[in-house]
Protein chains: 2
Amino acid sequence: MTGAPRVLVVAGTHGNERNAPWLLQQWRQRPELLQRHGLDVQLEIGNPEAFAAQRRYIERDLNRSFLPELLADPSQQGVEVQRARQLLERFGPGGPAACPVALDLHSTTAAMGNSLVVYGRRPADLALAAAIQHRLGLPIYLHEADAFQVGYLVERWPCGLVIEVGPVAQGLVTASICLQSQLSLEAALASLAEARVGRLRLPASLIVHRHCGSIDLPRNAGGDAIATLDPSLQGRDWQSLGVGDPIFALADGSRLRLGDLHADQGERSAARRWPVFINEAAYGEKGIAFSLTERQRLACDPSWTEALADLLA
Amino acid sequence: MTGAPRVLVVAGTHGNERNAPWLLQQWRQRPELLQRHGLDVQLEIGNPEAFAAQRRYIERDLNRSFLPELLADPSQQGVEVQRARQLLERFGPGGPAACPVALDLHSTTAAMGNSLVVYGRRPADLALAAAIQHRLGLPIYLHEADAFQVGYLVERWPCGLVIEVGPVAQGLVTASICLQSQLSLEAALASLAEARVGRLRLPASLIVHRHCGSIDLPRNAGGDAIATLDPSLQGRDWQSLGVGDPIFALADGSRLRLGDLHADQGERSAARRWPVFINEAAYGEKGIAFSLTERQRLACDPSWTEALADLLA
């Protein structure tokens with residue numbers, strides 16, 4: 001496949017997310033199962049050691065380890081830091097199998113459906129996300145300006161995004177999650193193939209859900225959670241919340257509402273918010289019960305398509 | 001609470017099943033949240049080390065470790081074996097806080113709803129299960145005669161059963177799973193309180209789903225799975241299957257049906273089966289994609305109530 005642009009497709013960046021690794025195994029054995037659209041697709045298990053151990057990670061979250069200062073520090077020799085370096089050395093800019101685009105396949109215990117995550121507003125990323133949304137109608141979580149959550153894999157490639165599908169428990173393979181992951185990946189590859197030959201046509205605009213912040217469970221002075229998510233919120237990812245909507249259920253039967261959070265956390269009152277990653281099991285340790293977004297329409301700029309085409313030239 | 005029978009209530013026998021431990025923490029802080037029906041309820045985290053590590057277990061599944069020969073072997077000093085001994089020494093027959101009844105609260109990634117698991121046909125267990133089913137209508141999985149799955153906690157107490165609620169991902173607390181667990185536990189305690197004073201009235205019969213066997217994913221010669229569960233089976237716990245119903249989806253799009261399994265595994269053809277624990281994440285390592293049961297109606301025997309009352313006298 002000489003001359004075709006390479007696209008890095010990563011599965012199992014978190015070792016307990018098993019659906020994409022299952023797909024990858026099938027695609028390796030029977031390449032015809034994946035519509036590659038003429039691209040040179042490089043299939044990689046992100047964190048093979050964590051995958052073998054059926055754990056999210058061994059020492060630290062690989063998908064928070066792609067931090068230039070961390071990777072440049074020779075005293076850092078943990079499993080995930082070494083794996084991040086290895087992936088970058090081989091598939092990153094200047095590597096022997098340099099890929100202009102990285103697509104990172106994840107699953108979640110939250111009811112995110114089939115969705116995309118974009119980190120910041122790089123023109124090529126927005127072009128690709130807009131193109132996939134135009135094909136499949138997927139919601140897009142625009143993650144930006146969060147100093148607590150940094151070091152994502154795809155940020156270190158010239159263009160990249162996460163395909164995030166749920167709900168599915170950690171450790172499980174389910175056919176519907178696999179199917180959705182494959183559909184998104186094929187839409188991404190089809191869009192990249194069009195961009196490469198100058199045929200990508202973007203819609204006039206795309207809808208994004210811009211990250212506003214993450215909300216932890218209410219806790220007592222000892223740090224123990226004193227509430228669960230309100231049952232009405234479970235499974236309601238991407239569905240808008242108003243200030244009167246209950247968010248947390250306390251053991252005594254009382255409830256906290258979105259407006260109570262706003263007051264606590266200096267958010268604008270009376271604003272509608274769209275929650276995402278509601279009850280993602282892996283985010284408990286990060287102190288995240290869910291994240292809040294605001295919905296925005298962004299006009300697609302012709303420069304986005306050019307930026308993507310330039311990368312694939 | 002002198003004189004009231006003790007009931008052992010265990011949460012977190014598997015350290016990544018977080019709902020019951022959450023309830024237990026609330027009940028310890030605010031005992032009025034749990035209707036105890038005058039019983040001396042002993043609340044225990046089953047596997048505190050695994051719970052702290054947010055893992056199912058540290059060295060071996062605690063809920064397969066209650067094997068007399070294993071516990072009697074002085075060379076066995078692993079975390080779970082020691083914890084099993086400790087629970088039995090304190091709360092088992094003859095212990096300083098001996099409990100005639102043990103109730104073990106579990107959750108599952110399978111869509112089991114709110115359900116009970118009974119191990120074998122001990123009269124007191126059947127009395128308690130029938131009484132809970134009569135109150136709440138819960139399905140009962142009668143687990144018996146499986147040489148590969150043995151050593152369950154509740155088997156070592158004179159009376160005991162598992163309350164099993166799902167679906168919920170490992171590591172997650174959700175309000176609806178907690179509510180269902182609490183309702184089942186309170187129904188169990190109410191039934192025990194009635195049995196103690198000779199007021200337990202059983203229905204004429206109970207419905208059980210008797211364990212027939214467990215089915216692994218199809219695998220290649222190297223041991224790798226070559227199929228997923230058929231998407232039509234996911235979430236269909238307790239719903240009957242006929243021989244023509246698809247069970248597994250292979251990567252090439254073909255399907256295996258229940259009748260194909262029967263032929264492979266010497267099951268009676270043309271039998272209907274009721275699947276349970278479909279895609280329980282923790283059972284992958286045990287080679288179980290789901291289990292098959294047959295539905296039976298058992299006439300309730302007056303001796304069951306007497307057996308339970310005798311234990312609580």
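Would you mind counting up the charge near A:A130? Only other residues with Cβ under 13 Å from its Cβ, with Lys and Arg at +1 and Asp and Glu at -1.
On the way: positive: A:R121, A:R122, A:R135, A:R201, A:R297; negative: A:D125, A:E194, A:D301.
Every neighbour counted, the sum reads +2.
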Report task. Pop out the ³J(HN,Hα) list for the range B:290-301 in order, Karplus 6.51 cos²θ - 1.76 cosθ + 1.60 with θ = phi - 60°, rounded to Hz; leave Gly and Pro as x. Result -> 6, 10, 10, 10, 10, 8, 9, 9, 10, 6, 6, 9
Report summary line: In debye to the nearest 20, the charge dipole size for chain B, taken about the Cα centre with +1 at each Lys and Arg Cβ and -1 at each Asp and Glu Cβ, equals 680
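Only Lys, Arg, Asp and Glu count, each charged at its Cβ (+1, +1, -1, -1), so figure out the dipole size of the protein assembly as shown about its Cα centre, rounded to 20 debye. Please report the intermediate quantities before stating the final value.
Numbers: 60 positive and 68 negative charges, 179 e Å.
Taking the Cα centre of the protein assembly as shown as origin, the dipole is about 860 debye.
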Requested in this report: Would you grab the residues whose amide H sits under 5 Å from the one on B:L200? Only those 5+ places off in sequence or on another chain, please, with H modelled 1.01 Å from N.
Outcome: B:A195
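Near B:K286, within a Cβ-to-Cβ distance under 15 Å, what is the net charge of the other residues, with Lys and Arg +1 and Asp and Glu -1? Don't skip to the answer; put the middle values down first.
Details: positive: B:R56, B:R60, B:R64, B:R219; negative: B:D61, B:D146, B:D216, B:E280, B:E285.
That sum, taken over residues with Cβ under 15 Å, equals -1.
If I take R0 = 25 Å and measure r between the Cβ atoms of A:D224 and B:Q86 in this structure, what FRET efficiency does the formula 1/(1 + (r/R0)^6) give, to the nearest 0.05? Numbers along the way, then the final one.
Numbers: r = 24 Å, r/R0 = 0.97.
Once the sixth-power term is evaluated, E becomes 0.55.
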Report task. State the antiparallel share, in %, of DSSP beta bridges confined to chain B, rounding to the nearest 5. Result -> 50
Report summary line: The value for the range B:214-287 (convex hull of the alpha-carbon atoms, volume per residue, Å³) is 94
Query raised in the report: If you count, for every residue in A:172-180, the Cβ atoms of partner chains within 10 Å of its Cβ, what is the mean?
Result: 6
Report summary line: Rounded to the nearest 10 degrees, the helix B:79-91 long axis (Cα) sits at an angle to the longest Cα principal axis of chain B of 40
**Report entry** Amide H within-cut-off set for B:V168, under 5 Å, with H built and near neighbours excluded
**Finding:** B:T108, B:T109, B:A110
Query raised in the report: Once you put a point 7 Å from the Cα of B:R55 and another 7 Å from the Cα of A:L33, both along the Cβ direction, what distance in nm separates them?
Result: 3.0
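Can I get the semi-axes of the range B:1-109's equivalent ellipsoid? Compute them from the C-alpha gyration tensor as square roots of 5 times the eigenvalues, in angstrom, largest first.
Numbers: eigenvalues 114, 72, 18 Å².
Equivalent-ellipsoid dimensions as semi-axes: 24, 19, 10 Å.
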Report summary line: Across B:A145, B:A249, B:A225, the residue with the highest GNM fluctuation in chain B (Cα network, 10 Å cutoff) is B:A225
Report summary line: PRE zone check, label point 7 Å out along Cα-to-Cβ of A:D40, amide N under 16 Å, scope the range A:1-29, hits A:1-9
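Grab the other residues whose beta carbon is less than 15 angstrom from that of A:L200, score K and R as +1, D and E as -1, and report the net. Don't skip to the end; give the middle numbers.
Working: positive: A:R135, A:R196, A:R199, A:R201; negative: A:D125, A:E194, A:D301, A:E306, A:D310.
Charge balance in the 15 Å sphere: -1.
May I ask for the Kirkwood hydrodynamic radius of chain A, worked out over all distinct Cα pairs and given in angstroms to one decimal? All intermediate terms of the calculation are to be shown ahead of the outcome.
Details: mean 1/r = 0.0495 Å⁻¹.
Across chain A, the inverse of the average 1/r is 20.2 Å.
Looking at chain B, identify the longest residue range that excludes and avoids all trypsin sites (Lys or Arg not before Pro) in DSSP loops having at most 15 other Cβ atoms within 10 Å. Walk me through the numbers on the way to the answer.
Details: sites that count: B:R121, B:R199, B:R201, B:R268, B:R272.
The segment B:1-120 is the longest one with no such site.
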Query raised in the report: Normalized C-alpha radius of gyration of the protein assembly as shown, against 2.2 N^0.38 Å?
Result: 1.04
Query raised in the report: Which of the GluC sites (Glu not before Pro) found in the range B:134-238 are in a DSSP loop and have at most 12 neighbouring Cβ atoms, other than their own, within 10 Å?
Result: B:E144
Query raised in the report: Nearest 10 degrees, 0 to 90: what angle lies between the long axis of helix A:175-196 and the longest principal axis of chain A (Cα atoms)?
Result: 50
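Among A:V173, B:V41, which comes first, then next, by fewest other beta-carbon atoms within 10 Å?
On the way: A:V173 24, B:V41 21.
Fewest to most other Cβ atoms nearby, the residues stand as B:V41, A:V173.
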**Report entry** ³J(HN,Hα) computed for each position of the range B:44-60 - Karplus, 6.51 cos²θ - 1.76 cosθ + 1.60, integer Hz, glycine/proline x
**Finding:** 9, 7, x, 10, x, 5, 5, 4, 5, 7, 6, 10, 4, 7, 8, 10, 8
Query raised in the report: With the calculation restricted to Cα positions, what are the radius of gyration and Dmax of the range A:183-249 in angstrom?
Result: 20.0, 59
Requested in this report: Tell me what chain B gives for mean residue ellipticity at 222 nm when only DSSP H runs of n ≥ 4 count, each as -39,500 (n - 2.57), the sum divided by the residue total, rounded to 500 deg cm²/dmol.
Outcome: -8500 deg cm²/dmol
Report task. On a 0 to 90° scale, report how tilted helix B:302-312 is relative to the longest principal axis of chain B, with both axes built from alpha carbons and the result rounded to the nearest 10. Result -> 50
Report task. Could you list A:S107, B:S181, B:S214, A:S205 in order of exposure, starting from the residue whose Cβ has the fewest other Cβ atoms within 10 Å? Result -> A:S205, B:S214, B:S181, A:S107
Query raised in the report: Based on the Cβ-Cβ distance of B:R272 and B:D252, what FRET efficiency does E = 1/(1 + (r/R0)^6) give at R0 = 35 Å, to the nearest 0.05?
Result: 0.80
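Read the figures in this text as sums done on the coordinates, not as results from a lab. No experiment lies behind these values; they were computed from the predicted model shown. Neighbour counts are summed over all protein chains in view; Cβ atoms, including those assigned to glycine, are modelled from backbone coordinates with ideal geometry.
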